[in-house]
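The values are calculated or read from the model by the stated rules, or taken from the named source; none is laboratory data. The model shown is predicted, which means the values in this text are computed figures rather than measured ones. Note that each Cβ is placed from the backbone with ideal geometry, even for glycine, and that neighbours are counted across all protein chains shown.
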């Protein structure tokens with residue numbers, strides 16, 4: 001029984017999202033996708049948003065970083 005809990009804990013680990021080699025946040029499994037949690041200022045524009053895949057979260061984080069660098073909202 002306890003082994004199942006250990007396996008589940010590993011499956012629920014956050015996945016780091018990096019942009020340009022810098023960690024911007026993590027995604028955690030949530031419902032039918034992933035929830036993004038920002039750890040750097042540029043990525044706070046998408047903090048708490050849900051994405052259907054890790055790839056979509058990474059694209060959104062990349063865009064947030066670009067927008068932050070250009071002063072876009």
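Here is the figure for region 30-44: residues that are modelled with pLDDT of 95 or more and out of contact with any strand residue (DSSP E or B) (no Cβ under 8 Å at 6 or more places or on another chain) total 1.
Quick grid of which residues meet (1) surrounded by 14 or more Cβ atoms within 10 Å (Cβ to Cβ); (2) out of contact with any helix residue (DSSP H, G or I) (no Cβ under 6 Å at 6 or more places or on another chain):
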residue: 34; (1), (2): yes, no
residue: 40; (1), (2): yes, yes
residue: 45; (1), (2): yes, no
residue: 55; (1), (2): no, yes
